[in-house]
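Asker: One structure coming up, written as structure tokens, with questions to follow.
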């Protein structure tokens, strides 16, 4: 049996290109004691992966040249030497872009899934997976949202942002999304329920545009972008406002030259809280998030946006398209059928 792998061929310069990735073949590994062999079904394309491609450590070790790309996936157990996991069961965890991966009890984000009839399995890679859980935990645990709050979400048409907009609205908040096109602005207001949208590409003064959309100020900012967007929102925050540090995608393609932040004094002036978080530090809260997201979905109150690319060989292209900002919703790669 052959195990196809998508590996890092070269360190990207700026936006990753399909040529920075390469498909190779290896043997399917055998699970040892305490391990299980899983067949990957859907890969979740994450902006955070970009930080692992430059050969520099951050909160995970960098992916070496020739190494398989690391990312979350929904997978089916093939063989198991892990107590509590049986062949045929569906799991979610941090694996590699390959047909078959080894997993164990220490795999980051590892959880056993119980897919419900009528719900696409792909949803558990995004809206009912890491993206939805991140939005839910971020808003509740970090943002401490309350009904009546004004919540601003950047990258609001993206995987996590689109979920954060809807969750905040379902909790009774006024929601303003920051997006990069007129089509995305229409999407979040007409389909996701946001009260207003700000197109940052059509703003001479981003802070003024955000203030106009939030005349009573901003109570909670769900930040997926960082950079000048974070700098602008800081000037619009209300006293005791909360900034949820989820991502800094504006600088992911150029991490050696991060965008300066000039308005940090607002943290003191407005007594703000700015706190970053990683989902795997809050795994104990994932079951409650999953239950609530399922309920909202089954009640027709939640819309999950997906952009699915077919075939493992196309994973590098799909990732490049996402990092260009050319896509909407959750980006996934569906691994070829066996």
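Asker: Limited to the range 193-213, what total is found for residues that are part of a loop (DSSP other than H, G, I, E, B) and crowded, with 23+ Cβ neighbours inside 10 Å? Give the steps one after another, and end with the answer.
Answerer: Taking the range 193-213 first, the residues part of a loop (DSSP other than H, G, I, E, B) are 193-195, 203-205.
This time we only want the ones that are crowded, with 23+ Cβ neighbours inside 10 Å, so: 194.
So the answer is 1.
Asker: Of the residues in the range 1-21, how many are over 25 Å from residue 41 (Cβ atoms) and surrounded by fewer than 15 Cβ atoms within 10 Å (Cβ to Cβ)? Talk me through it step by step, then tell me what you get.
Answerer: The first filter runs over the range 1-21 and keeps only residues over 25 Å from residue 41 (Cβ atoms), leaving 10-15, 17, 19.
Checking the rest, the ones that are also surrounded by fewer than 15 Cβ atoms within 10 Å (Cβ to Cβ) come to 10-11, 13-14, 19.
Of the residues in that region, 5 qualify.
Asker: Quick one: count up the residues across the range 180-192 that are part of a helix (DSSP H, G or I) and within 20 Å of the chain's Cα centre (by Cα).
Answerer: 4
Asker: While we're on this one: Out of all the residues in the range 31-40, is one or more without any contact (Cβ under 8 Å) to a residue 24 or more places away in the chain and outside the structural domain of residue 256 (by TED's automatic domain parsing)?
Answerer: Looking only at the range 31-40, we keep the residues that are without any contact (Cβ under 8 Å) to a residue 24 or more places away in the chain, and these are none.
No, the range 31-40 has no match at all.
Asker: Residue under question is residue 78, and the condition is that it be more than 21 Å from residue 321 (Cα to Cα), touching a residue at least 40 places away in the same chain (Cβ under 8 Å) and crowded, with 20+ Cβ neighbours inside 10 Å; does it hold? Write out each step before concluding.
Answerer: Details: more than 21 Å from residue 321 (Cα to Cα): yes; touching a residue at least 40 places away in the same chain (Cβ under 8 Å): yes; crowded, with 20+ Cβ neighbours inside 10 Å: no.
No: the conditions fail for residue 78.
Asker: Another one. So the check is Cβ under 6 Å with 6+ separation or different chains; which pairs have a first residue in the range 252-279 that's closer than 11 Å to residue 234 by Cα and a second one that's assigned to a loop (DSSP other than H, G, I, E, B)?
Answerer: Sorted first by the residue in the range 252-279, then by its partner, the pairs are 263/235.
Asker: Filter the range 31-49 down to the residues that are in a loop (DSSP other than H, G, I, E, B) and touching a strand residue (DSSP E or B) at 6+ places or on another chain (Cβ under 7 Å), then identify the one that is surrounded by the fewest Cβ atoms within 10 Å (Cβ to Cβ).
Answerer: Going through the range 31-49, the residues in a loop (DSSP other than H, G, I, E, B) turn out to be 31-34, 45-46.
With the extra rule that they be touching a strand residue (DSSP E or B) at 6+ places or on another chain (Cβ under 7 Å), the set shrinks to 31, 34, 45-46.
Working: 31: 19, 34: 11, 45: 25, 46: 23.
For the range 31-49, the residue satisfying everything is 34.
Asker: Shifting gears a bit: Among the residues of the range 106-120, write down those that are at pLDDT below 95 and touching a strand residue (DSSP E or B) at 6+ places or on another chain (Cβ under 9 Å).
Answerer: 107, 108, 109, 110, 111, 112, 113, 114, 115
Asker: Give the range 153-179 a look and list any residue that's outside any helix (DSSP H, G or I), surrounded by 20 or more Cβ atoms within 10 Å (Cβ to Cβ) and at negative phi, or say none. Break it down into steps so the answer makes sense when it comes.
Answerer: Just the residues of the range 153-179 that are outside any helix (DSSP H, G or I), to begin with: 153-158, 171-179.
Next cut, surrounded by 20 or more Cβ atoms within 10 Å (Cβ to Cβ) only: 153-158, 173-179.
Passing the criteria: 153, 154, 156, 157, 158, 173, 174, 175, 176, 177, 178, 179.
Asker: Looking only at strands (runs of 3 or more DSSP E) that lie completely in the range 214-319, which have at least 3 residues being in the same structural domain as residue 106 (by TED's automatic domain parsing) and in contact with a strand residue (DSSP E or B) (Cβ under 7 Å, 6 or more places away or on another chain)? Can you show your working first?
Answerer: On the way: elements: 218-223, 237-245, 273-276, 306-310.
Passing ranges, in order: 306-310.
The values are calculated or read from the model by the stated rules, or taken from the named source; none is laboratory data. The model shown is predicted, which means the values in this text are computed figures rather than measured ones. Virtual Cβ from ideal backbone geometry, glycine too; neighbours counted across all protein chains shown.
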